[in-house]
Structure formats: structure tokens, C-alpha cells
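Remarks on the structure that follows.
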Amino acid sequence: MNPRCNILFIIVSLSCLIHMGCAHFNTFQREGDLHFSGLKAAVEVLRDEQGIAYIYATNEEDLLRAQGFVTAQDRLFQMHLTRLLVSGRISELVGRPGLESDIRMRTIGFARQARKHAEMLNEANRRYLEFYADGVNAFIARKDDLPLEFKLSGIKPEPWTVADSLAIVYYMGWSTAANIKDEIIAQLLVEALGPEKARELFPLNINPDTENSCRPPKKTADGLLPEKTHLDLAADPFLMSLWTEQFSGLHIGSNNWVAGPALSASGKPVVANDPHLDARILPGPWYPCGLITPELRAVGVSVPGIPGMVAGRTGQIAIGMTNSYGDSQDLFIETIDPADPNRYMESGRSIPFDILKEKIRIKNSKAEGGFQEEEFVVRLTKRGPVVSGTMKGLDTQNVITIRWSPFETMQPSLGLDQLMKSRSVAEIRQGLRYITPIMLNFVFADREGHFGWQTTGRIPVRVRGNGLVPVRVNDGRDNWSGWIDYEKMPQSYDAAKGWSGTCNHYTVPCDYPYYYTSHASASYRYRRLTELMNRPGKKTVDDHWNFQRDDLNLMARQIAPVMSKALLAHKDTETMGKILQHWDYHDNPDLAAPAVFQSVYRHFFLAVYQDRLGEDLTKLLIDNPYFWQESLQRMVLSGESPWFQGGRDVLFHRAALEAYREMSRLQGDDPEKWKWGRVHHLKLVSPLRLKGFGSGLLGGGSHEMGGSQETLLRARFDYNNPFDVTVSASLRMVADLGDPDKVLAVLPGGASGRQFDPHHQDQIGPFMRGEKRYWWFSDQKIREHAVEKMRLVP
């Protein structure tokens, strides 16, 4: 049977299963006793009406083993897919289409470095990960309960290892250090425009908390800029593919905040968190669970494959995270020895590349055994791997290498094991000290009323440049002279205003002595959060829940009046101008104005830049709004710019005509009947069928959605392929340390990763409607809502 017939057969079969209501085809033992060798004592697992497991163990070792077991019950297929991806083995599943990704992953070396780090762990951290792996492997050994997805995809599960968990940690860390795309754009701008003209378009980073006490913000990269040499980065498909990788998988955006007791209706701190990821693939990236021993009670989420809890609450503390985008990555321009392509030059010396040979197994039904092998070579300098082919347009051959701080700052402790067991803000902060692989903003609080915010990761102190453009290696000096000390990383404790929060915005104060990042969100979401949190009075849990779905667009509040005036001046755009004129700036899915604004502003961007930069570079730039949003707004509000060829309002009018043609194709020719939600959808899909025939049948549907890139209700779309949502909240959680019974939380999916399981998609409706859902915390509530009871017995 050919592959297309196979796919058709699988889809038809799945359709029959769905309509027969045959969830029992993909289930596992949920009740009764189940033998689990290696446990010290029996473990009780209660599942509530949403399928969320609450694990009761008598000791930490059994708790971690049971967490691994229960997570595998629900998410083993998801865990295995993630392992294949991050270790560069996806070709084993999808064949040759996965080869590019596998080469990329092995070149970066997540799995390679994870194996190295596993050997360095101290006993406590190694056992922490080993106990979890023991639980995963105990479930795998129960072959009758394996997810149906393994049979449908033709692959088999493999034993879980400590290195597998660490590789996922590093993969997450890679996306939190998302500076590569900025360096590529900056270099391409320099090549196209020259250093000084390119500087006009470099990121404008604004910290709203300090902008009034600082000198007017300057563009990033006031320091070293490269000469106008042509590296031709855009012509290198491998280098450009690194850009794509940082927008995939566990790319963490997010909002988080903590209200101290003075602003809390309960009198105890409240932590709110809604991590923004590409959550379109069901069941979503987070696994909800309760973890309970006589010494510990934690309810929150973990990443499948990693033990513990990364967001949630215990009896003593609550914690949430966002991406800080601390710049821990640099690209370096290396010169190949003209006499020997296996060596590179440094300070006049010829140094051999370290060579690693990698073999990739590629699924091929025509090959013997169903697989073929291909070998490729990874070249390493002392800074890191070569991530480009040979660059063109230079007198000598050059290659680009990438350096990333987590691979140089491995420690015996990960810190993850300490978070869940912390009992105070001081202990949380001590644990975060050791989280070097991931650049995050953590907010947290304890029951004593203390609260804070702390950044994690290790950021290099640079000798030359500021990380925005690639650095040419001219001598033997190390451009990284050390690391920003943990005590000097951006942070705040018991802030006088009564709360702390982050929205991926620029958090660095104006007198900060180090370069921290150039890649930060425009300030709109954080400014809106500040407006809401600074309203008089204490905030209830319901207030925080509603704040997470707030759709007021502060960028539109600034720019839409200017846009409206320009459109009202012309008969052919007058209707669109009136729609904007009467808009309240809420990105409501039932309104026409958000559709008008987003479409016009997108075409305005293209009108401003495309003639000068060309189509390809303009597409790269628009795809990275953190790079340009603050700068373009400043230009729009000033009214004049050398980039406004013909004048700002002329460009707005031209953009509106293009927007009208675009929206007319999608919604008809009457702008007053347009709706934002009609074009702005969140489409949830199954990993078994991401697109094409059958994807709608297996997935979670297409849902009209409000919000945008600029609102707290985050709903980003791809500017080069508008307007479907690509990044949105993957979890909404509000944890009140004054509530003994529950946590407010909901996922855009479900607890289970098994197709057909009743808890695979059961939280989608409440998530889209903004309904409150509860994850239980107290013993009384857990047992009241338990619908299934299982015991793991030695």
C-alpha cells in the first residue's frame, strides 16, 4: 500500500473510531491496584473530573517515580516526539523531510551537551532526574497501556534517561535566548544600508518603569558596528534555519505578575501567569498535576519529560515565569585557513576544527530494514559549532559559529529540584541561582507576604560590541570576559508599589552597567498591566483572571487616531477611517476596527520599508516585531521620517487601499460588516495530522479569537501569513496563597495527550470562553472531586 493510501486508511479508521465513541481504544489503567517495583511504599493517584492526577506519596523518591509514571500514562507519545526532535532523530519518524531539522539539532548539540551535563550532576540532582525516569520506564514496561499513537505512527517507545530530560531543558533554554534572529537582521541591514543608516532601524528598547527618570532612550548598538562587508547570510539556508528553530516548539513568551498582600483581597500574595507559546498542537506543552507528601503539597504544571513544577503553588509559595530574553548567544565570523579547510585562523595561528561525525537514520520503506543512514560532519571551534556553509563575497573564506552560554556554565545543580521545596522567597531565590540553561523572569511570593521577581541564566560580559551584530574574530582575546553576577541580574523584592510583573518587556534600569539584551517586547502589554494594577483598591482573584483576557491595544490607542485622520481625508478610505475614529481600541473579535487597524498597519510597514530594503529583508524584519515596533511608533507619532517617502499619511492611504483589497477577499466589500474574529483564528490540531485532509477531524477546531500581539490577551499572528494565531496563552493560572482549596487554571487542550481520550480537549471550550476552571489544592477538595482512584503498590 503506498504512503498516501496508508494516510487515507488511518484517517478513515480514526474517523470511525471517533464517531463510535471508542475512547477505550486509547486508554490505560486508571483505577485499582497496579504493581510498580522499586517503590518504597504504596502511592495513591486520584484523578478529578478533568483527568488531572493528584499523587499522594509518603516520600519524595516515590513521588518523583509516580510523577514520571503518571506523566507517561498521559503524555508518553508527546515526550517521545519531543525527544526525537531535540536529539536530531525526527527523520526516524517522518523520513527525509526531517533531515534538515536533525542536522540543525545535532549541530547545535542539545543531546550531546545533555549527555555531558548528566555526567556532571551531583548525587541529589542526578537522583532527582533518575527517579522520574524510573517512573517513565516502569510505565513503558507495561506494554498493554501504551498510547495508540505509537502504533499509528509505526514507532516504539524507548527507555527514558536523565540526558533526555536535560536535552529538553536545553531546548527550552535555546528559545529563551532568542538573539540569533536579531543578529541576522542587524547584519543584513548593515550590508544593505551601511552601518549608520542601519542603526536607524535597530531596536528601541524602553523600560516603562524608568523611562521618565532616564535620558531619552537610544537605539540599541551605540557601540561597535561591523563594516559594510557582505556575509550573504540570507543565502545560507542552514544559518537561516536557526531563525525558524527559535520560533518553534517551547518558545516562551508570556505575562506574569505578583500582587503583594497590600493589593490582595485575601490579604495574601497572588501570582498570575499565562505563558505564551505555540500551543496549537494538542494537548499543549504543559502537564498539570498535584504532588503531595507529608512534607510537600504542590499543584501546578511541568513540562512533560522534566520532573517537579515550574509554575503553580505549594502550601508556602507560588511561582510563575516568562521569557526574559537575556542575550546569551553570539554569532562569530571565523576565517578558514586558506591552506587547509579543516583549520581556522586566530591571531595568525592555524587551529584545527574539532570534528564530530554524526550518523542520522532516515525512514525509508525501500531501504533494508526500513531505514537508511547518512553521515555529516559537525565542525567546532573553541567558541562553538559552525552553523553556516562557506560564506560568499569575501576575499577569504569565512564561516559563522555560534556561542551559547548554557553550554559553558553547566553546574552540578540545576536548581529545579529546589523550587518546589522552597518555603520562602529567600529559598526560591537561592534555587533560581542554579538555573543557568534558561533565561527567564520568575515572579514569586510566600505566605509571609514577601514577593519578588528574579531573572535567571548566565549573560556574558562582552569586551567588544553588544551582541546585536556578529563579531569578527581578529585575535585570540576572548570577547566574553565573564558573566553578569547573579546578584546584579535584573530583579526586585517587595517593591514599594505593591506588585511586580513582566511581559517580556525591557526590564533593565537606565543605570544598568551591562548589556543585557536587545530582544525585548514592545512595552504595550506591560503598560496596560501597569494601568490595571495601579487602579485604586485591592484586586480579587477574578480581577487577575480578567486581566489575563484584557484586549485593550495600547499601540492602537497611540497610532489609530493618526491612521484614522489620514484615511478620513480620502473618499475611498473614508469608511475605514470612520470605523477607526469610533473604535475604543479593544481587539474584540466581533468588531471591524481591529481587522482594519491590523491590516492597514501591516501594509503600512511594507510601504515604509520594502522599496528600500527589498522584499526578502522586509519579510525577515516584519516577522520580528520586537525589533521594530517601538521604533516605527516613534516615527509615526513624530510625523516625519526619511523613511516616509511621499509622507506618512500618503503611505497610510496607500496601505489602506491594500488592506481593503485584502479584507474584501476575506470578508466581502463592506468594511462595516468585517469582524476581527472572522480572520483571526486559533486552530488546534493533533500531532497525528497537523494539516490537510483529516486535520480538522482529529484536532480541536478553529476558534475565533480576540486580542493581538500587543494585548495582554496575547494572540500573535504571522505578519507574512496573516491572520491565524500562532502564539497565545498556553496556560492561564491565578494562584492565591490566601485560598486553601484551589488554583484557578485552564489549558487550551487537556490533561491527556491521547487521541480520543475524554480529557484530550475538554478544556478548550472553557479556555476560549474565559470560563474559570479549578485545579484542587486541599485534601478535602481533591477527594470531593476525585472520580478515579488508582494505587501504585511495590
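The values are calculated or read from the model by the stated rules, or taken from the named source; none is laboratory data. Nothing here was measured: the structure is a model prediction, and the numbers come from that model. A quick note on method: Cβ atoms are made from the backbone with ideal geometry, for glycine too, and the neighbour counts reach across all protein chains shown. Calculation scope for accessible area: heavy atoms of the full protein, side chains included, ligands and nucleic acids excluded. Shrake-Rupley method; radii C 1.70, N 1.55, O 1.52, S 1.80 Å.
Points worth noting:
- Under 12 Å, Cβ to Cβ, from LEU152 - net charge with Lys/Arg +1 and Asp/Glu -1: +2
- Here the peptides 262-274, 71-83, 190-202, 349-361 are ranked by packing, the mean other Cβ count within 10 Å, and the order with the highest first is 71-83, 262-274, 190-202, 349-361.
- Accessible surface calculations at 1.4 Å, restricted to protein heavy atoms, place the chain at 37 Å² per residue.
- Counting only Cβ charges, +1 for Lys and Arg and -1 for Asp and Glu, the dipole size of the range 674-725 around its Cα centre is about 120 debye.
- Hull volume in cubic angstrom per residue (convex hull over the Cα atoms of the range 441-570): 179
- Distance from the alpha carbon centroid of the range 113-138 to that of the range 528-546 works out to 41 angstrom.
- Value of relative contact order over the chain, rounded to a whole percent, pairs C-alpha under 8 Å and six or more apart: 19
- Seen from every direction in turn and averaged, the convex hull around the alpha carbons of the range 492-540 projects onto 4.4 nm².
- In the chain, a dipole from Cβ-located charges (positive for Lys and Arg, negative for Asp and Glu) runs towards its positive end, and of TRP583, MET439, TYR524 it is TRP583 whose Cα lies farthest in that direction.
- D (Stokes-Einstein, µm²/s), Kirkwood Cα radius, the range 584-727, 1.002 mPa s at 20 °C: 131
- With a threshold of 19 Å on the Cα-Cα distance, the over-threshold entries among LYS619/LYS675; LYS363/LYS691; LYS363/LYS683; LYS497/LYS539; LYS742/LYS772; LYS578/LYS619 are LYS619/LYS675; LYS363/LYS691; LYS363/LYS683; LYS578/LYS619.
- Under 29 Å from LYS382, Cα to Cα: lysines that are on another chain or at least 8 residues apart: LYS116, LYS181, LYS228, LYS357, LYS359, LYS392, LYS488
- Ellipticity estimate at 222 nm from DSSP helix runs (n ≥ 4, -39,500 (n - 2.57)) divided over the chain, nearest 500: -10500 deg cm²/dmol
- Lys, Arg +1 and Asp, Glu -1 on Cβ, resulting dipole of the range 471-572 about Cα centre, debye, nearest 20: 480
- Gyration tensor (alpha-carbon) shape descriptor, the range 509-635, a/c threshold 1.5: oblate
- Computed from the alpha carbon atoms alone, the convex hull of the range 96-194 holds 150 Å³ per residue.
- 10 Å binning of all Cα-Cα separations within the chain, expressed as whole percents from 0 upward: 2, 13, 23, 26, 21, 11, 3, 0
- Rounded if a/c under 1.5, otherwise prolate or oblate - the range 669-779, Cα gyration tensor axes: oblate
- Cut-off under 5 Å, modelled amide H: who pairs with SER264 long-range: LYS539
- Taking a quarter of the surface of the Cα convex hull of the range 320-439 gives a mean projected area of 13.3 nm².
- Within the accessible area of the chain (1.4 Å probe), percent carbon and sulfur: 50
- Normalised by the number of residues in the range 19-99, the average gap of Cα pairs under 8 Å and 6 or more apart makes the relative contact order 16 percent.
- For the range 520-580, Kirkwood radius (reciprocal of mean inverse C-alpha pair distance, Å): 13.8
- Dipole in debye (nearest 20) - the range 448-505, about Cα centre, beta carbon charges: Lys, Arg +1; Asp, Glu -1: 360
- C-alpha center-to-center spacing [the range 603-677, the range 718-733] in angstrom: 20
- Divide the volume of the convex hull around the Cα atoms of the range 443-500 by the residue count and you get 105 Å³ per residue.
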